[in-house]
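Undergrad: Following this message is one structure expressed as structure tokens.
Every number here is computed from the coordinates shown, using simple stated rules; none is lab data. None of these values were measured; they are calculated from a predicted model. Note: ideal-geometry Cβ built from the backbone for every residue, glycine included; neighbour counts use all protein chains shown.
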Amino acid sequence: MLDRSLIFLDLETTGASASVDRITEIGLIEVEDGEYVREWSTLVNPQMEIPPFIEALTGISNDMVAGAPTFAAVSNELQERLRGKLLVAHNARFDYGFLRAEFGRLDAAYSADVVCTVKLSRKLFPGHARHNLDTLLERHGVTCDERHRALGDARVLWDLIGKWRVDPGADAINAAAAVQLNPPPKSRAAARRSVPVAA
């Protein structure tokens, strides 16, 4: 994992459903050969109302996004930044699902190798029960000036990897990531169960 081109990504959205809700902010950190290269973020006009509880959580208001570009307007630049990169995110299925949905609305396919830092943390630190981002911030002594803002949370993921490269070490990170990137094939029994049987 660590020798690949990486994108540490976080999204803020209007809700939890990629099929219904929309992105309100994108933040990402670009990493090459294990070294920080650059960061990028933008507010996004979701073209729908941000619910009050989401506004309270993120601090992103309808007024803030009213003049922001739509996802369509930033899609080409974002696609270029993401192209060929390993995507790293916390609860990665959420962020990856939103990216695929937003690109899909534009008839633009998006796929990537993905590593979830929740799963990574569980593998690296199996003795701990909780692996949400607030818990990891406290456990590893990482600070975040803009919690629940896209770039702030993306920076946290990069900082966590920096902590983990020291303990338990780069080899452990790569081995844990490999489990996600190269899942074992289904057993023959599981494969047989997945084959439809005629009535």
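Undergrad: Which net charge results when you count Lys and Arg as +1 and Asp and Glu as -1 among the other residues whose beta-carbon is under 15 Å from that of HIS128?
TA: Residues close to HIS128 contribute a combined charge of +3.
Undergrad: Given the C-alpha centroids of the range 27-44 and the range 80-124, what is the distance between them in whole angstrom?
TA: About 14 Å separates the Cα centre of the range 27-44 from the one of the range 80-124.
Undergrad: Additional query: Per the Cauchy relation, a quarter of the hull surface: what is the mean projected area of the convex hull of the alpha carbons in the chain, in nm²?
TA: That works out to 14.2 nm², a quarter of the Cα hull's surface.
Undergrad: For THR135, THR143, which order do you get if you count the other beta carbons within 10 Å of each Cβ and list the fewest first?
TA: The fewest-first ordering by Cβ neighbours comes to THR143, THR135.
Undergrad: How many lysine pairs are close in the range 6-194, with Cα atoms under 20 Å apart and the two 8 or more places apart or on different chains?
TA: Total qualifying Lys-Lys pairs in the range 6-194 comes to 4.
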